[in-house]
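Colleague: Got a structure for you, questions after.
The values are calculated or read from the model by the stated rules, or taken from the named source; none is laboratory data. None of the values given here were measured: they were computed from a predicted structure. Ideal geometry is used to build each Cβ from the backbone, glycine not excepted, and the neighbour counts take in all protein chains shown.
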C-alpha cells in the first residue's frame, strides 16, 4: 500500500483513468460489433435503408475509434487496423450487391 500522499493520489488517478479507458474500449467494441451486424444485414437484404444504416454505423465506429486514439486509449496503429478491417468488411459486402444491381 502507498505510504505518502502523492502515491495515494496516483493510485486514485490511475483507477479513474482505468475506468474511463474501459468505457471507451467497450464503446469501440460495441460500435464495431454493430457495424459487423449491419454488414450482415446488408448482405442478407441489400437496399437503401440497410445501406444507410450500414454507413451510419461505420461513421459512428470510425468517429469513436478516432476519439479513442486522440485521448490515448488506443494506439494509432491499433485504431488504423480496426478501421481497415471494418472498411474491408463493408467494401466486401457492398461490391457484390452493386455488381448484381
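Colleague: Out of curiosity, is residue 58 in contact with a helix residue (DSSP H, G or I) (Cβ under 9 Å, 6 or more places away or on another chain), buried (at least 18 other Cβ atoms within 10 Å of the Cβ) and over 30 Å from residue 14 (Cβ atoms)? Walk me through it before giving the result.
Modeller: Details: in contact with a helix residue (DSSP H, G or I) (Cβ under 9 Å, 6 or more places away or on another chain): yes; buried (at least 18 other Cβ atoms within 10 Å of the Cβ): yes; over 30 Å from residue 14 (Cβ atoms): yes.
Yes: the conditions hold for residue 58.
Colleague: Right, residue 77: under 11 Å from the mean Cα position of the chain (by Cα) and at pLDDT 95 or above or not? Even if it seems obvious, please write down each step before you answer.
Modeller: On the way: under 11 Å from the mean Cα position of the chain (by Cα): no; at pLDDT 95 or above: yes.
For residue 77, the condition - under 11 Å from the mean Cα position of the chain (by Cα) and at pLDDT 95 or above - is not met.
Colleague: Here is a check on your reading of the model: is residue 24 under 20 Å from residue 96 (Cα atoms) and in contact with a helix residue (DSSP H, G or I) (Cβ under 6 Å, 6 or more places away or on another chain)? Spell out how you get there, then give the answer.
Modeller: Working: under 20 Å from residue 96 (Cα atoms): no; in contact with a helix residue (DSSP H, G or I) (Cβ under 6 Å, 6 or more places away or on another chain): yes.
It is false that residue 24 is under 20 Å from residue 96 (Cα atoms) and in contact with a helix residue (DSSP H, G or I) (Cβ under 6 Å, 6 or more places away or on another chain).
Colleague: Given the residues 63, 87, which is the only one that is assigned to a helix (DSSP H, G or I), farther than 13 Å from residue 28 by Cβ and modelled with pLDDT of 95 or more? Give the derivation first.
Modeller: Values: 63 fails: farther than 13 Å from residue 28 by Cβ.
Unique residue meeting the criteria: 87.
Colleague: Out of 43, 14, 53, report the one residue that is at pLDDT 95 or above, part of a helix (DSSP H, G or I) and either over 14 Å from residue 93 (Cα atoms) or in contact with a helix residue (DSSP H, G or I) (Cβ under 9 Å, 6 or more places away or on another chain) (or both).
Modeller: Values: 43 fails: at pLDDT 95 or above; 53 fails: at pLDDT 95 or above.
Among 43, 14, 53, only 14 is at pLDDT 95 or above, part of a helix (DSSP H, G or I) and either over 14 Å from residue 93 (Cα atoms) or in contact with a helix residue (DSSP H, G or I) (Cβ under 9 Å, 6 or more places away or on another chain) (or both).
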